[in-house]
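Q: Below are the structure tokens for one structure; questions will follow.
Just so you know, all these numbers are worked out from the coordinates, no wet-lab data involved. Values in this document were obtained by computation on a predicted structure and should not be read as measured data. Note that each Cβ is placed from the backbone with ideal geometry, even for glycine, and that neighbours are counted across all protein chains shown.
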Amino acid sequence: MKFVYDDSISSYDFGPGHPFRGDRFPSFIRFLKERGEPFELVGYVGEPPTIEDLRAVHDEEYLNFLRVRSQTGHGMVSLDTPAFKGMWEAALSMVYSSMSAVRLALKERGAAGFGGAHHAGVNYGGGFCLLNDIAIAIRWALRNGVGSAAIFDHDAHHGNGTMDIFYDDDTVLYVSIHQDPTTIYPGVGFARQVGRGRGEGYTVNIPLPPGAGPSSYEMAFEELVRPIVESFAPKLLIAHGGSDPHFLDPLTQLGLDLRGLWKLGRWASSLPADHRVELLISGYNEHVRNWGWLGIVRGFASLDMGFDPEEIEGRAPNDDDYVIRRARLAIDDAKSVLSKYWNLS
Ligand SMILES: [Zn+2]
């Protein structure tokens with residue numbers, strides 16, 4: 001499988017002491033090369049994103065704000081997201097990355113790469129996200145003849161920006177499994193947030209309790225994600241996330257292990273779509289991140305894990321009965337809300 005990469009994305013860097021540093025991207029590329037992993041690295045594809053591509057998602061005032069702040073690097077984009085010098089070019093590189101992965105996937109069915117800034121909305125950034133590369137790439141694809149798109153957001157955090165952008169839209173299905181928003185940033189992503197107007201039913205939020213591990217994820221995927229995406233039958237599927245649902249991640253409290261991350265990639269590749277993309281971005285445990293990302297993309301490429309997870313992560317915590325019961329309740333609640341729109345058994 002092809003993996004899209006250009007060094008320019010390493011400029012996406014919030015600076016010393018911040019959990020999101022630019023070296024995470026070249027570090028993973030070196031890791032792939034050192035291990036001789038079977039991914040063919042390719043540069044960005046087609047023309048860079050235009051201002052019209054960005055305007056299809058973001059409002060002019062917000063784009064100007066980012067461009068101006070990028071020149072000095074002064075101030076904040078949001079409480080957790082400092083501005084930095086060159087952030088405009090860095091965000092454009094991430095948009096170009098995701099658009100490239102989509103362009104490749106339209107030619108070859110599947111592609112992987114970096115991207116997934118799902119906290120950026122029409123007129124705001126936050127959660128280390130500046131421009132919503134997923135939404136920009138999808139709007140580009142829809143303008144270029146792709147009839148419908150689904151997003152499978154398996155990041156530990158809910159993608160509030162992506163949800164907001166497509167909240168009224170019935171051509172884009174947004175499906176997210178994430179940590180219960182009452183316990184973590186961004187504080188939204190409740191099962192009852194289902195979309196609005198024509199888009200009602202096309203936003204699918206599956207919040208899981210802190211500690212949720214492999215069996216909770218499997219219930220959420222098989223009982224909600226799979227039947228809903230199968231029924232929607234998108235032309236294009238973008239799956240995205242990273243290693244932050246891992247039990248060792250310092251910014252989240254979920255309980256997924258490396259095998260669970262690999263399964264997320266496998267599941268994404270098993271959903272029906274003519275063209276599929278997997279994008280990587282999150283993960284704040286330095287030791288686990290490259291292995292988690294590798295697990296996801298190997299799963300997505302229909303490869304076995306290719307490494308022994310216990311050597312990396314030690315012994316994973318058991319899926320606690322109490323957590324599974326709470327996950328069961330959360331999934332049943334989401335099913336009762338969503339069965340109004342989808343045929344769920
Ligand atoms: Zn995250």
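Q: Would you mind telling me the antiparallel percentage of the DSSP bridges in region 162-289, rounded to 5?
A: 0
Q: Could you give the size of the charge dipole of region 2-338 about its Cα centre, using +1 on the Cβ of each K and R and -1 on the Cβ of each D and E, expressed in debye and rounded to the nearest 20? Please list the in-between numbers first.
A: On the way: 31 positive and 45 negative charges, 85 e Å.
With only Lys, Arg, Asp and Glu charged at Cβ, the dipole is about 400 debye.
Q: Local charge sum around Pro210 (other residues, Cβ-Cβ under 14 Å, Lys/Arg +1, Asp/Glu -1)?
A: Values: positive: Arg325, Arg326; negative: Asp180, Asp244, Asp249, Asp319, Asp320.
Local charge sum for Pro210: -3.
Q: Could you work out which residue, out of Thr171, Thr162, Thr183, moves most in a Gaussian network model of the chain, that is, has the largest mean-square fluctuation with Cα springs under 10 Å?
A: Comparing Thr171, Thr162, Thr183 in the GNM, the peak value goes to Thr183.
Q: With label points built 7 Å along Cα→Cβ from the Cα atoms of Phe190 and Val68, find their separation and express it in nm.
A: 3.6
Q: Still on this structure, I have one more. How charged is the neighbourhood of Val188? Take every other residue with its Cβ under 12 Å from the Cβ of Val188, and add Lys/Arg as +1 and Asp/Glu as -1.
A: With Lys, Arg at +1 and Asp, Glu at -1, the net is -1.
Q: Same structure again: For a quick check: sort Met94, Met76, Met219, Met87 by the number of other beta carbons within 10 angstrom, fewest at the front.
A: So the residues, fewest neighbours to most, are Met76, Met219, Met87, Met94.
Q: For His287, His58, His275, what ranking results if the residue with the fewest other Cβ atoms within 10 Å of its Cβ goes first?
A: Arranged by neighbour count, lowest to highest, His287, His58, His275 become His287, His275, His58.
Q: Can I ask one more? So for the pair Glu200, Asp80, with labels modelled 7 Å out along Cα→Cβ, what separation do we get in nm?
A: That separation, rounded to one decimal, is 3.2 nm.
Q: Report the antiparallel proportion of the DSSP beta bridges in the chain as a percent, rounded to a multiple of 5.
A: 10
Q: As a footprinting exposure proxy, order Asp333, Asp319, Asp304 by other Cβ within 10 Å, with the fewest listed first. Spell out each step's value before the answer.
A: Numbers: Asp333 15, Asp319 19, Asp304 9.
So the residues, fewest neighbours to most, are Asp304, Asp333, Asp319.
Q: Take the Cα radius of gyration of region 217-311 and divide it by 2.2 N^0.38 Å, with N its residue count; two decimals is plenty.
A: Values: Rg = 13.2 Å, N = 95, 2.2 N^0.38 = 12.4 Å.
My calculation over the Cα atoms of region 217-311 gives 1.06.
Q: Suppose the chain between Glu60 and Arg30 were pulled fully straight at 0.36 nm per residue; how much longer would it get relative to their current alpha carbon spacing?
A: 7.1 nm
Q: At q = 0.07 Å⁻¹, work out log10 I(q)/I(0) for the chain with the Debye formula, treating every Cα as an identical point scatterer and leaving solvent out; two decimals please.
A: Results for the chain at q = 0.07 Å⁻¹ read -0.25.
Q: Take the chain, connect every pair of alpha-carbon atoms lying under 10 Å apart with a spring to form a Gaussian network, then pick out the residue of Leu92, Leu66, Leu303 with the largest mean-square fluctuation.
A: Its mean-square fluctuation being the largest, the pick is Leu303.
Q: So if each residue of separation counts as 0.36 nm, and I subtract the Cα-Cα distance between Glu52 and Asp333, what length gain in nm does that give?
A: Additional length available on full extension: 97.1 nm.
Q: Taking the Cα atoms of region 98-166, what is the range of coordinates along each of the three principal axes, in descending order and whole Å?
A: 33, 21, 17
Q: Next question. Would you kindly state how much longer the chain becomes between Asp321 and Ser231 on full extension, computed as 0.36 nm times their sequence separation minus their alpha carbon distance, in nm to one decimal?
A: Here the answer is 29.3 nm.
Q: Cut-off under 29 Å on the C-alpha distance; same-chain residues fewer than 8 positions from Lys107 excluded. Which lysines are left, in chain and number order?
A: Leaving aside lysines fewer than 8 places away in the same chain, those within reach of Lys107 are Lys2, Lys33, Lys235, Lys263.
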